[in-house]
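Here the structure is laid out as structure tokens; the discussion comes afterwards.
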Amino acid sequence: MVLTSTSSDNLSRMSATGIQAPVAGSKSVHNNKYNPKELCEIDDLATALILDPYLGFSTHKMNIRYRPPKLNRRGLKDIVERFIIRHDLEQSYIELERGGWLKRYLNDKSEDFVEAVKEHIFLYLGMYSPNSGCKIDPCFRYSMEKEKGAKVSATKKWEKDQNITTLVGCIAELNGEEEAELLHPGKNDFSVMYSTRKHCAQLWLGPAAFINHDCRPNCKFVATGRDTACVKALRDIQVGEEITCMYGTDFFGDKNSSCECQTCERRGCGAFSVPQKTDEEKGYHFRDTDSRLNRRKSPREDEVSPITASDKSNKSGKCDLKFNVVPSQNDNGVRRYDVISEFTKYSPR
């Protein structure tokens, strides 16, 4: 589950417009390098090269017609695993270029675009650095991602009020035309925020876009400058704990009635709430008697049907008494009916 919002009340929690922080061995990310279309392309490329092979599935993409390139996923995963051991960003990027596909893809791109791709790849690789304090893990909780998404987990203990500056995001402002061109509601309109200061929608992508919502979050976004922000711990965060933020009180329906976060599951609310009985269901009412009214009635023992009559089992429960009507004639030829009784073995039902 990723952040999806274009409403001002959901973003009033974050007056700044993105996150800007360097990771080990990389340069700072500058917002003005990206226009929205370029940022979408760069983020799709970086996640396809780093996250998807390592996690084992395709993460969210801005291009709804995105088709993953035919790459050696095992080889790409090996590059990430070697980085985790060596912590060498430059060497890892060289290995990516050796695969041939990345170099061909960037062959006709501008120098600024190539440099932006490299920095963005460094951001995702840097999440698996031992110094980052967090990493991106698989997440199989949320139905909107078909139970296959990602989350940010802590790899070190973070203390209350400590800033997690390694969680990096890149932003690009969206005008009306760009929103109509790039965003498709319900498909790729994640990580779209509304700046209450600049009064415009902004696309926010990068590792920090994988921070999931929780109704009792352990982090919040705080402004650190005119165009920068970071994640601040609201309480102590233990190793392995998911890093979460509050998206809004009505982000997942009225009062987050459709929320699937861990807190809602633990409290039995949101999407995990049990429907309450209505006043009509709680009140007194006559029970359904259709089956009783339609039940086949047995004849009284002193009554004999002109065809066949059968009474209930006798009190001993061992046999059934049946009355068979047999037509006959008397000596004068008058037709009469004789009632012949017989016992049959009772079979319990």
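The values are calculated or read from the model by the stated rules, or taken from the named source; none is laboratory data. Predicted model only: the values in this text are computed from it and were never measured. Cβ placement follows ideal geometry from the backbone for every residue including glycine, while neighbour counts extend to all protein chains displayed. All accessible areas refer to the heavy atoms of the entire protein, side chains included, with ligands and DNA or RNA removed. Shrake-Rupley method; radii C 1.70, N 1.55, O 1.52, S 1.80 Å.
The table below lists the values:
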item	result
Residues that are modelled with pLDDT under 95, among the charged types (D, E, K, R) and part of a loop (DSSP other than H, G, I, E, B), drawn from the stretch 227-249	ASP227
Restricting the stretch 105-120 to residues that are within 21 Å of HIS60 (Cβ to Cβ) and of a type outside the set (A, V, I, L, M, F, W, C), the residue that is most open to solvent (accessible area, probe 1.4 Å)	TYR105
Index of the failed condition, LYS160 passing every other in (1) surrounded by fewer than 18 Cβ atoms within 10 Å (Cβ to Cβ); (2) farther than 22 Å from ALA208 by Cβ; (3) modelled with pLDDT of 95 or more	(2)
Pairs with Cβ under 9 Å, 6+ apart, first in the stretch 142-158 and closer than 13 Å to CYS261 by Cβ and in a loop (DSSP other than H, G, I, E, B), second modelled with pLDDT of 85 or more and not aliphatic (A, V, I, L, M)	TYR142/GLY149; TYR142/ASN212; TYR142/GLU260; TYR142/CYS261
Pairs where the first residue, in the stretch 187-199, is of a type in the set (Val, Ile, Thr) and the second is in a loop (DSSP other than H, G, I, E, B) and open to solvent by 40 Å² or more (accessible area, probe 1.4 Å), C-beta under 7 Å, 6+ apart	VAL192/THR6; THR196/SER12; THR196/SER15
Selection within the stretch 197-221 - under 19 Å from ASN163 (Cα atoms), open to solvent by 10 Å² or more (accessible area, probe 1.4 Å) and hydrophobic (A, V, I, L, M, F, W, C)	PHE221
Test: residue in the stretch 59-71 that is in contact with a His (Cβ under 9 Å, 6 or more places away or on another chain) and closer than 21 Å to PRO36 by Cβ	yes
So PRO68, is it open to solvent by 60 Å² or more (accessible area, probe 1.4 Å), farther than 17 Å from ASP189 by Cβ, at pLDDT 50 or above and not in a helix (DSSP H, G or I)	yes
Condition met for LEU96 (touching a strand residue (DSSP E or B) at 6+ places or on another chain (Cβ under 9 Å) and part of a helix (DSSP H, G or I))	no
First in the stretch 83-105 and closer than 14 Å to TYR128 by Cβ and modelled with pLDDT of 95 or more, second anywhere and polar (S, T, N, Q) and outside any loop (DSSP other than H, G, I, E, B), Cβ under 9 Å, 6 or more apart	PHE83/GLN91; PHE83/SER92
Any hit, the stretch 169-180, residues being in a helix (DSSP H, G or I) and surrounded by 11 or more Cβ atoms within 10 Å (Cβ to Cβ)	yes
Which listed residue is under 22 Å from ALA209 (Cα atoms), open to solvent by less than 20 Å² (accessible area, probe 1.4 Å) and hydrophobic (A, V, I, L, M, F, W, C), from LEU102, LEU123, LEU96	LEU123
Criterion violated by PRO207 - all others in (1) touching a Pro at 6+ places or on another chain (Cβ under 9 Å); (2) closer than 30 Å to SER132 by Cα satisfied	(1)
Meets criteria (assigned to a strand (DSSP E or B), over 15 Å from the mean Cα position of the chain (by Cα) and under 18 Å from GLN262 (Cβ atoms)) for LYS220	yes
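The rows are residues; the columns are (1) among the hydroxyl-bearing types (Ser, Thr, Tyr); (2) in contact with a Gly (Cβ under 9 Å, 6 or more places away or on another chain).
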| site | (1), (2) |
| --- | --- |
| ASN131 | no, no |
| CYS139 | no, yes |
| GLY169 | no, yes |
| GLU173 | no, no |
| GLU177 | no, no |
| ALA180 | no, no |
| TYR194 | yes, no |
